[in-house]
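Reading through the structure tokens given below for one structure.
Throughout, read-outs are computed from the coordinates displayed, never taken from laboratory work. Note that this is a predicted model, so its numbers are computed, not measured. Note that each Cβ is placed from the backbone with ideal geometry, even for glycine, and that neighbours are counted across all protein chains shown.
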Amino acid sequence: MFHQVNPLELQCNPFEMIGKEWALVTAGDETGCNTMTISWGNMGIMWNKNIVTIFIRPQRYTKDFLDRFENFTVSFYEESCRPALQLCGSKSGRNLDKIKAAGLTPVYENGMTYFAEAKLVLECKKIYLDKIRPEGFLDPLIAKNYPDNDYHIIYMGEITRVLQK
Ligand SMILES: Cc1cc2nc3c(=O)[nH]c(=O)nc-3n(C[C@H](O)[C@H](O)[C@H](O)COP(=O)(O)O)c2cc1C
């Protein structure tokens, strides 16, 4: 049902896909994994590589898995899956088997996890890690996003495989 595609063949609008449709970031494998919803992120080119950048607040349980595993996936869904993404973006995997609760079907491959319900999956290898620093805020309004000083951790992933339905 999924087939591998060349990233250059993708017909998609990242502003719509990430910002409006949202996505799931998933890290871990069959020994343990966690997933969470994101609506902030970047897709583009850096160091001549195809890159996805995600921004994860330190308190997310998914961060434990992002740090432990070398790879992660970013997956995209049809509108019918919105309730699943809402659940994965409002409950923590610390307290709940939210993959089961969301009705998602894990697929374990290449030391990563994605879900059979996805329409598009980006498999990514972590290649750069950093943290948002308030010293870098040239627009002071950005600080409003951080009343608790929980600055995002930046994970840049090189896209190693794209799967599409
Ligand atoms: C639409 C939407 C977008 C979100 N985007 C992000 C994001 O980009 N980064 C982040 O750290 N949290 C984001 N969140 C919050 C996490 O998805 C949420 O805190 C989740 O419950 C964390 O789960 P976990 O503790 O199992 O990792 C978003 C939530 C929603 C509903």
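Figures for the structure shown
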read-out	value
Enumeration of residues in the stretch 51-76 that are surrounded by 19 or more Cβ atoms within 10 Å (Cβ to Cβ) and under 17 Å from G19 (Cβ atoms)	V52, I54, I56, V74, S75, F76
Residues that are out of contact with any strand residue (DSSP E or B) (no Cβ under 7 Å at 6 or more places or on another chain) and hydroxyl-bearing (S, T, Y), drawn from the stretch 1-51	T31, S39
Residues that are in contact (Cβ under 8 Å) with a residue 40 or more places away in the chain and within 6 Å of the ligand (Cβ to nearest atom), drawn from the stretch 52-67	F55, I56, R57
Residue ID - surrounded by the fewest Cβ atoms within 10 Å (Cβ to Cβ), chosen from residues in the stretch 97-109 that are within 11 Å of the ligand (Cβ to nearest atom) and not hydrophobic (A, V, I, L, M, F, W, C)	D97
Tabulated pairs, the stretch 19-41, first without any contact (Cβ under 8 Å) to a residue 40 or more places away in the chain and of a type outside the set (V, I, T), second more than 10 Å from the ligand (Cβ to nearest atom) and in a strand (DSSP E or B), C-beta under 8 angstrom, 6+ apart or interchain	G41/V52; G41/T53; G41/V74
Filtered residue count, the stretch 111-152, keeping only those that are among the acidic types (D, E), surrounded by fewer than 16 Cβ atoms within 10 Å (Cβ to Cβ) and in a loop (DSSP other than H, G, I, E, B)	3
Positions within the stretch 116-145 being over 25 Å from K49 (Cα atoms) and within 16 Å of the ligand (Cβ to nearest atom), in sequence order	I142, K144, N145
Residue check for I99: among the aliphatic types (A, V, I, L, M) and touching a helix residue (DSSP H, G or I) at 6+ places or on another chain (Cβ under 7 Å)	no
Answer residue from the stretch 153-165, given it is β-branched (V, I, T) and in contact with a helix residue (DSSP H, G or I) (Cβ under 9 Å, 6 or more places away or on another chain) and is surrounded by the fewest Cβ atoms within 10 Å (Cβ to Cβ) among those	I159
The stretch 33-50, subset surrounded by fewer than 19 Cβ atoms within 10 Å (Cβ to Cβ) and more than 12 Å from the ligand (Cβ to nearest atom), residue nearest to V107 (Cα to Cα)	M43
Residues (touching a His at 6+ places or on another chain (Cβ under 9 Å) and either within 19 Å of M112 (Cβ to Cβ) or of a type in the set (D, E) (or both)) located in the stretch 130-165	L163, Q164, K165
Filter result for E70 (closer than 22 Å to N13 by Cα and either more than 15 Å from the ligand (Cβ to nearest atom) or more than 16 Å from the chain's Cα centre (by Cα) (or both))	no
Residue in the stretch 77-96 that is over 17 Å from the mean Cα position of the chain (by Cα), farther than 27 Å from H3 by Cβ, exposed (fewer than 15 other Cβ atoms within 10 Å of the Cβ) and more than 14 Å from the ligand (Cβ to nearest atom) present	no
